[in-house]
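Visitor: Below are the structure tokens for one structure; questions will follow.
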Amino acid sequence: MDIGALTDETLRELRRKREYPAVSLQLPTNRRSPYSPEDPVRLRNTVAEAKRRLADDTRAARTARMDVEARLDQAASEVDLTHSGDGLLVLVAPGEHQIWYLPRTVPQRVVISDTFLTRNLVAARLQEEPYWALALSESGTRLWDGAGETLTEVTTGGFPVKPEIPDHQDALPGRNFDKVGNHPTSPREESHVERERQYLRGVVGVLAPVLDREPRPLYVVGLRESVAQLEKLLPARPGLTVHRVENGSVAGCKPAELLELLRPAFERRRATRSGEVLRRLGDARGQRLFTSGLDEIWRTVREGRVALLAVEDHFRIAARVDGNGGHPVRVEPPAESLSADPSIHEDVIDEIVEAALGCGADIAFVPDDTLAEEDRMAAVLRY
């Protein structure tokens, strides 16, 4: 399934406890080379590792283990590596299996527990922030409904918007598109520039109700002057962020081509969000509403006091936790012994993220080493 299918209800269902063993396989895949020979080899190796660990796992009942092993093979046969994103998550437990294609890279690993590994689903959904992409062209303006790597063209409510040319004596539409906002050199050019202004006003008139109905970040792709003029015409709205992508080759642009144009803007947006998270953490430190480190965050999350949890992307800890959910103690046993000891939690960070979600906290995943001085994770407290 694509990450767009991950609803709050689906996530809650995935987070519930399963009959042991619940196996989570995750591995990186090559989005830009869907026929990469590395991907099927990596998948086979990950499945083989899971089976080897299950065979040595004394906690797994024989019937449950055989069921899970068969479902691992079935899931592997159903994976469509030509459809894959940057990561793959396979979840298998007695009586069920699911396949999720992730728009973010993940480390290769196997986790065996009584719950599924969901932190990368949460992180992927955060990455799939809905947005609008406006392709502004001299021959027509198109609007795209975006979520992560998925673009769907909007063909209702006045889109696409075509420029109106009154008669055959006018120049081709867009002849002076790059002069919008500049000083024309003749009355004839003044007429054309005004027609382009009218065209942009028409675009804004159709776009404004969409932004009022569903406020999202707006990415505008087009020539520099026309994008700047459209921004001036667009009424200010609380929370509206407009991101410029200066490129004039958007006429007839296909979704995959438009995504390539948008990628640098996406990266800048993610960097901005990371900066916002660090600012909130800094403000909380000054207000004495800041905490960090495994012990403190484990405790405050369970007390329901965490308002924002920030975790480095690939940070994980195996820890021994007593039956009452008490103080976690880091351990570094070999992978083979992780599932043999029920007191050892293979990824206690995943459990912290789930607990934070359960108490309504905001979750933010930041690049590795961003929180190196805070023991890789930090939180803003409610009180």
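Visitor: Of everything in region 139-165, what is at pLDDT 85 or above, assigned to a loop (DSSP other than H, G, I, E, B) and either aromatic (F, W, Y) or on the phi < 0 side of the Ramachandran plot (or both)? Give them in sequence order.
Guide: Residues satisfying the conditions are S139, T155, T156, F159, P160, K162, P163.
Visitor: Now, a different point. Answer with yes or no whether A265 is within 23 Å of the chain's Cα centre (by Cα) and either not in a loop (DSSP other than H, G, I, E, B) or not assigned by TED's automatic domain parsing to the domain that holds H243 (or both).
Guide: yes
Visitor: Let me ask something additional. Which residues, counting only those in region 41-94, are polar (S, T, N, Q) and in contact with an Asp or Glu (Cβ under 9 Å, 6 or more places away or on another chain)?
Guide: Result: S84, single match.
Visitor: Let me ask you something else. Going by the structure shown, is D86 farther than 23 Å from I363 by Cβ and modelled with pLDDT under 95?
Guide: Judged against the criteria, D86 is not a match.
Visitor: In region 234-244, is there at least one residue being over 25 Å from R197 (Cβ atoms) and loosely packed, with under 15 Cβ neighbours inside 10 Å?
Guide: Checked against the condition, which is being over 25 Å from R197 (Cβ atoms) and loosely packed, with under 15 Cβ neighbours inside 10 Å, region 234-244 yields at least one hit.
Quick grid of which residues meet (1) hydroxyl-bearing (S, T, Y); (2) farther than 17 Å from A361 by Cβ; (3) modelled with pLDDT under 95:
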site: A265; (1), (2), (3): no, yes, yes
site: A271; (1), (2), (3): no, yes, yes
site: S274; (1), (2), (3): yes, yes, yes
site: R280; (1), (2), (3): no, no, no
site: D283; (1), (2), (3): no, no, no
site: S292; (1), (2), (3): yes, no, no
site: D295; (1), (2), (3): no, yes, yes
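Visitor: Still on this structure: Can you tell me which residue among A256, A236, A265, A251 is free of Cβ contacts under 8 Å to residues at least 24 places away in the same chain, under 28 Å from T150 (Cβ atoms) and of a type in the set (G, A, S)?
Guide: A256
Visitor: Still on this structure, please answer the following. Would you mind listing the helices (runs of 4 or more DSSP H) fully within region 26-127 where at least 1 residues are hydroxyl-bearing (S, T, Y) and more than 20 Å from L14 (Cα to Cα)?
Guide: 38-55, 62-78
Visitor: Check whether at least one residue in region 113-124 is among the hydroxyl-bearing types (S, T, Y) and under 20 Å from the mean Cα position of the chain (by Cα), and report yes or no.
Guide: The answer is yes; a qualifying residue exists.
Visitor: State the number of residues belonging to region 101-120 that are more than 26 Å from D341 (Cβ to Cβ) and either among the hydroxyl-bearing types (S, T, Y) or surrounded by fewer than 23 Cβ atoms within 10 Å (Cβ to Cβ) (or both).
Guide: 4
Visitor: Mind listing just one residue for me: the one in region 36-84 that is crowded, with 18+ Cβ neighbours inside 10 Å and basic (K, R) and, of those, farthest from the chain's Cα centre (by Cα)?
Guide: Step by step, filter region 36-84, then rank; the result is R65.
Visitor: Still on this structure: Pick from T82, T118: which is farther than 30 Å from V204 by Cα, in contact (Cβ under 8 Å) with a residue 60 or more places away in the chain and out of contact with any strand residue (DSSP E or B) (no Cβ under 8 Å at 6 or more places or on another chain)?
Guide: T118
Visitor: Right, here's the next one. Among the residues of region 332-339, is there at least one that is at pLDDT 80 or above and surrounded by 15 or more Cβ atoms within 10 Å (Cβ to Cβ)?
Guide: no
Residue by residue, here is whether (1) modelled with pLDDT of 95 or more; (2) over 18 Å from L262 (Cβ atoms); (3) among the small types (G, A, S) holds:
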| site | (1), (2), (3) |
| --- | --- |
| D167 | no, yes, no |
| N176 | no, yes, no |
| L200 | no, yes, no |
| R224 | no, no, no |
| K232 | no, yes, no |
| A236 | no, yes, yes |
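Visitor: Can you work out which of the residues in region 4-25 that are in a loop (DSSP other than H, G, I, E, B) and of a type outside the set (S, T, N, Q) is nearest to the chain's Cα centre (by Cα)? Outline the logic, then answer.
Guide: Within region 4-25, the first condition is being in a loop (DSSP other than H, G, I, E, B), and the residues that meet it are 6-7, 16-21.
Subset that is of a type outside the set (S, T, N, Q): 6, 16-21.
Details: L6: 11, R16: 22, K17: 25, R18: 26, E19: 29, Y20: 30, P21: 28 Å.
The qualifying residue nearest to the chain's Cα centre (by Cα) is L6.
The values are calculated or read from the model by the stated rules, or taken from the named source; none is laboratory data. Keep in mind that this is a model prediction, so the values were computed, not measured. Reconstructed Cβ throughout: ideal geometry from the backbone, glycine too, with neighbour counts over all protein chains shown.
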